[in-house]
Structures are given as C-alpha cells and as structure tokens.
Amino acid sequence: MPDSNRARTILIRENISLPANLPIESEAFLPGWRVVKNLDRSALTRKIEGGNWNFFYLAGEIRATVLGRDRSGTLRRAVKCVLAKQEGQKFNSLEITKVVSKRFLGIPFMSVTAHSRHIQQGIGLVPAKDFVLRMPTAPNGEVATKQYVALISST
C-alpha cells in the first residue's frame, strides 16, 4: 500500500467479477484481498459506474486499533482486524477512510477506520436470489393461509 496516501485506499476481494472495461492494477495486501494501485476512490467509482455497475458505500464505520510503530506491518494487522469485524457481511471491497498513528505513554499504536463497499451490476444491494418473501410455514398450510388472510383483512 502506498505510504504517502493510505487513507482513501480501496481494497477489493480477489476473484470478484468486475466490469469488462475496468483495467485495475492491484497488488496483494492480505490473503484474499488486493489493494487498488492505479485508481483513487473517485476515479474507480467513475469507471465502475461508467460500465453500468454500482459501487455501494455502506454507512457505519469499522475501527481497529493495534500496537506498533507506523509501518506497513502494523497497518496490515490493523486492516486484518477491520476485515475480521466485517467477516459476516458479504461485501467485496473496503475503503480505508482514516489512518492515525499516535503514542500513549510512549507506546506507539495505530488506529484504522474503514467503510464496507460493494461492487455489483444490479442496483439493489441485496441480490434478488437472496431475497425471498415467504409465508409462514405451518404443519397445515391451509391454517397458515387462513391466519394470514385474517391478519391482512383485519387492518
């Protein structure tokens, strides 16, 4: 990751599908994750949206603080902690929004703040195949249907 501008850096998961016309130069950063080298956040957004894809920005920052001097190994450990906090979510990119190195009582530490991002072709963040509306199931399907009809007709 470039040392001069670590904030606003975009990480993408390896082997994700991207628009065909999107030339991204990247390098390995952590296992399964690559850092985008040739495009900044706004240029990457323009390229993705130019290919009629979407680059979602998810509210809610993810923070991690690790002990260590201002070095690339410390940054990798901090980003690894951020990714561990994001583990249950199925987003395919991450934007590092803030990197701060400080000392407390002479002990160096680094804090990293990031936001989940997601690159996909559709406009809905939740894929249609994962979003299914179902009626409640009961041992007797007819009873469940009658209860549902009674519930919606009473309102």
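The values are calculated or read from the model by the stated rules, or taken from the named source; none is laboratory data. Remember, it's a predicted structure, so these values are computed and weren't measured experimentally. Don't worry about glycine lacking a Cβ; one is built from the backbone with ideal geometry, like all the others, and counts go over all protein chains shown. For the accessible areas, the whole protein counts, side chains as well, though only heavy atoms, and no ligand, DNA or RNA atoms are used. Shrake-Rupley method; radii C 1.70, N 1.55, O 1.52, S 1.80 Å.
Filtering the stretch 47-59 for residues that are open to solvent by 60 Å² or more (accessible area, probe 1.4 Å), over 18 Å from the mean Cα position of the chain (by Cα) and either at pLDDT 90 or above or β-branched (V, I, T) (or both) leaves an empty set.
Hey, which of the strands (runs of 3 or more DSSP E) in the stretch 1-82, taking only ones fully inside, have at least 1 residues that are free of Cβ contacts under 8 Å to residues at least 12 places away in the same chain? Hits in the stretch 1-82: 26-30. Selection of the stretch 28-42 for residues being open to solvent by less than 80 Å² (accessible area, probe 1.4 Å) and within 18 Å of the chain's Cα centre (by Cα) yields A28, F29, L30, G32, W33, R34, V35, V36, L39, S42. Do the conditions hold for L18, that is, is it closer than 25 Å to A84 by Cα and either open to solvent by 90 Å² or more (accessible area, probe 1.4 Å) or modelled with pLDDT under 85 (or both)? So L18 fits the description; yes.
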